[in-house]
Amino acid sequence: MSDQAIRIIAAGVLLVHGLGHGGALAALAWIRLRPGTPTGDWLAARSWLVPSLPGDTAMTLASAFWIVSLTGFVIAALSFWGVVVPGSVWRPLAVAVALISATGIVMFFGTWPMLNTLAALGVNVAVLVAVLWLHWPPQATFGG
(Lines give C-alpha, C1' and ligand atoms only; values in the text may rest on other atoms or scores of the structure.)
Protein backbone atom coordinates (compact mmCIF):
# COMPACT_ATOMS: atom_id res chain seq x y z
CA MET A 1 0.00 0.00 0.00
CA SER A 2 1.32 3.41 -0.92
CA ASP A 3 2.19 6.09 1.62
CA GLN A 4 -0.54 8.27 0.08
CA ALA A 5 -3.17 5.55 0.60
CA ILE A 6 -2.06 5.06 4.22
CA ARG A 7 -2.38 8.81 4.81
CA ILE A 8 -5.89 8.86 3.32
CA ILE A 9 -6.90 5.96 5.55
CA ALA A 10 -5.36 7.58 8.65
CA ALA A 11 -7.12 10.89 8.02
CA GLY A 12 -10.34 9.00 7.34
CA VAL A 13 -10.02 7.12 10.62
CA LEU A 14 -9.61 10.41 12.52
CA LEU A 15 -12.66 11.83 10.79
CA VAL A 16 -14.86 8.74 11.21
CA HIS A 17 -13.81 8.36 14.84
CA GLY A 18 -14.79 11.96 15.47
CA LEU A 19 -18.14 11.52 13.75
CA GLY A 20 -18.67 8.29 15.71
CA HIS A 21 -18.81 10.36 18.88
CA GLY A 22 -21.83 12.01 17.26
CA GLY A 23 -23.50 8.60 17.38
CA ALA A 24 -22.96 8.46 21.13
CA LEU A 25 -24.45 11.97 21.42
CA ALA A 26 -27.44 10.89 19.35
CA ALA A 27 -27.95 7.85 21.57
CA LEU A 28 -27.89 10.03 24.69
CA ALA A 29 -30.38 12.42 23.10
CA TRP A 30 -32.65 9.52 22.08
CA ILE A 31 -32.57 8.11 25.61
CA ARG A 32 -33.36 11.50 27.11
CA LEU A 33 -36.14 12.40 24.66
CA ARG A 34 -37.70 8.95 24.34
CA PRO A 35 -37.21 7.18 27.67
CA GLY A 36 -38.28 3.57 27.77
CA THR A 37 -38.02 3.01 24.01
CA PRO A 38 -35.71 0.30 22.64
CA THR A 39 -32.10 1.45 22.19
CA GLY A 40 -30.30 -1.81 21.53
CA ASP A 41 -27.38 -1.97 23.95
CA TRP A 42 -27.24 1.79 24.53
CA LEU A 43 -28.01 2.80 28.11
CA ALA A 44 -28.43 6.11 29.90
CA ALA A 45 -25.12 7.61 30.98
CA ARG A 46 -23.90 6.43 34.35
CA SER A 47 -20.42 6.37 35.78
CA TRP A 48 -19.01 3.38 37.60
CA LEU A 49 -16.27 5.72 38.83
CA VAL A 50 -18.73 8.16 40.44
CA PRO A 51 -21.87 6.06 41.00
CA SER A 52 -23.54 8.81 43.09
CA LEU A 53 -23.56 11.14 40.06
CA PRO A 54 -27.20 12.07 39.32
CA GLY A 55 -28.52 10.88 35.95
CA ASP A 56 -28.88 14.36 34.43
CA THR A 57 -25.39 15.31 35.55
CA ALA A 58 -23.97 12.07 34.12
CA MET A 59 -25.78 12.74 30.82
CA THR A 60 -24.41 16.29 30.68
CA LEU A 61 -20.87 15.20 31.52
CA ALA A 62 -20.91 12.34 28.99
CA SER A 63 -22.30 14.72 26.36
CA ALA A 64 -19.47 17.18 27.05
CA PHE A 65 -16.87 14.42 26.54
CA TRP A 66 -18.46 13.42 23.22
CA ILE A 67 -18.91 16.99 21.96
CA VAL A 68 -15.25 17.77 22.63
CA SER A 69 -14.17 14.45 21.09
CA LEU A 70 -16.34 14.88 18.01
CA THR A 71 -15.16 18.42 17.40
CA GLY A 72 -11.52 17.70 18.19
CA PHE A 73 -11.17 14.63 15.98
CA VAL A 74 -12.93 16.31 13.05
CA ILE A 75 -10.64 19.34 13.35
CA ALA A 76 -7.59 17.05 13.71
CA ALA A 77 -8.57 15.20 10.52
CA LEU A 78 -9.06 18.47 8.64
CA SER A 79 -5.77 19.77 10.02
CA PHE A 80 -4.06 16.56 8.89
CA TRP A 81 -5.35 17.36 5.40
CA GLY A 82 -4.25 21.00 5.87
CA VAL A 83 -7.82 22.24 5.36
CA VAL A 84 -8.92 24.33 8.36
CA VAL A 85 -5.99 25.02 10.60
CA PRO A 86 -2.25 24.69 10.12
CA GLY A 87 -1.17 21.11 9.56
CA SER A 88 1.11 21.23 12.59
CA VAL A 89 -1.94 21.41 14.88
CA TRP A 90 -3.28 17.93 14.17
CA ARG A 91 -0.73 16.00 16.26
CA PRO A 92 -1.18 17.74 19.65
CA LEU A 93 -4.91 18.06 19.03
CA ALA A 94 -5.29 14.36 18.17
CA VAL A 95 -3.33 13.37 21.29
CA ALA A 96 -5.36 15.65 23.56
CA VAL A 97 -8.67 14.51 22.11
CA ALA A 98 -7.69 10.82 22.24
CA LEU A 99 -6.96 11.28 25.95
CA ILE A 100 -10.28 13.09 26.49
CA SER A 101 -12.20 10.43 24.56
CA ALA A 102 -10.47 7.59 26.42
CA THR A 103 -11.17 9.27 29.76
CA GLY A 104 -14.85 9.58 28.90
CA ILE A 105 -15.02 5.99 27.70
CA VAL A 106 -13.37 4.69 30.87
CA MET A 107 -15.47 6.91 33.12
CA PHE A 108 -18.71 5.63 31.55
CA PHE A 109 -17.48 2.08 30.78
CA GLY A 110 -20.30 -0.44 30.52
CA THR A 111 -22.90 2.12 29.49
CA TRP A 112 -22.66 1.58 25.75
CA PRO A 113 -22.31 -1.46 23.47
CA MET A 114 -19.06 -3.29 24.11
CA LEU A 115 -18.06 -3.40 20.42
CA ASN A 116 -18.41 0.38 20.13
CA THR A 117 -16.53 0.87 23.40
CA LEU A 118 -13.62 -1.38 22.45
CA ALA A 119 -13.38 0.02 18.91
CA ALA A 120 -13.30 3.60 20.20
CA LEU A 121 -10.67 2.74 22.81
CA GLY A 122 -8.66 0.95 20.13
CA VAL A 123 -8.65 4.00 17.87
CA ASN A 124 -7.66 6.24 20.78
CA VAL A 125 -4.76 3.93 21.66
CA ALA A 126 -3.72 3.71 17.99
CA VAL A 127 -3.65 7.52 17.73
CA LEU A 128 -1.55 7.81 20.90
CA VAL A 129 0.89 5.08 19.81
CA ALA A 130 1.22 6.42 16.25
CA VAL A 131 1.78 10.03 17.27
CA LEU A 132 3.65 9.76 20.57
CA TRP A 133 5.64 6.56 20.18
CA LEU A 134 6.07 6.04 16.45
CA HIS A 135 6.11 9.79 15.60
CA TRP A 136 4.02 8.99 12.54
CA PRO A 137 3.80 10.35 9.92
CA PRO A 138 7.18 11.94 9.32
CA GLN A 139 5.51 14.96 7.63
CA ALA A 140 2.98 16.97 9.60
CA THR A 141 0.18 17.08 7.03
CA PHE A 142 -1.55 15.00 4.39
CA GLY A 143 0.03 16.96 1.58
CA GLY A 144 3.46 17.21 3.22
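Structure above, values below:
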{"item": "Test for T111: is it among the polar types (S, T, N, Q) and either at pLDDT below 90 or in contact with a helix residue (DSSP H, G or I) (Cβ under 7 Å, 6 or more places away or on another chain) (or both)", "result": "yes"}
{"item": "Every residue from the stretch 101-129 that is open to solvent by 60 Å² or more (accessible area, probe 1.4 Å) and over 14 Å from V13 (Cα atoms)", "result": "T103, V106, F109, M114, L115, N116, L118"}
{"item": "Output for the stretch 68-112, where each listed residue is free of Cβ contacts under 8 Å to residues at least 40 places away in the same chain and polar (S, T, N, Q)", "result": "T103"}
{"item": "Residue match in the stretch 68-79 (condition: buried (at least 20 other Cβ atoms within 10 Å of the Cβ) and over 26 Å from V131 (Cβ atoms))", "result": "no"}
{"item": "Given (1) modelled with pLDDT of 80 or more; (2) open to solvent by 70 Å² or more (accessible area, probe 1.4 Å); (3) more than 17 Å from W48 (Cα to Cα), index of the condition L134 fails", "result": "(1)"}
{"item": "Sole exception among (1) under 17 Å from the mean Cα position of the chain (by Cα); (2) under 17 Å from L128 (Cα atoms); (3) open to solvent by 40 Å² or more (accessible area, probe 1.4 Å) for S88, by number", "result": "(1)"}
{"item": "Considering residues of the stretch 10-35 that are open to solvent by 90 Å² or more (accessible area, probe 1.4 Å) and over 20 Å from L115 (Cβ atoms) only, the residue modelled with the lowest pLDDT", "result": "P35"}
{"item": "Single unsatisfied condition, V50 versus (1) farther than 21 Å from N124 by Cα; (2) open to solvent by 80 Å² or more (accessible area, probe 1.4 Å); (3) free of Cβ contacts under 8 Å to residues at least 60 places away in the same chain", "result": "(2)"}
{"item": "Counted residues, the stretch 36-47 - those being open to solvent by 50 Å² or more (accessible area, probe 1.4 Å) and modelled with pLDDT of 80 or more", "result": "1"}
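The values are calculated or read from the model by the stated rules, or taken from the named source; none is laboratory data. Small disclaimer: the values here were computed from a predicted structure and weren't measured. Because the Cβ atoms are built from the backbone with ideal geometry, glycine has one as well, and the counts that use them run over all protein chains shown. For accessibility, only protein heavy atoms count, side chains too; no ligands or nucleic acids. Shrake-Rupley method; radii C 1.70, N 1.55, O 1.52, S 1.80 Å.
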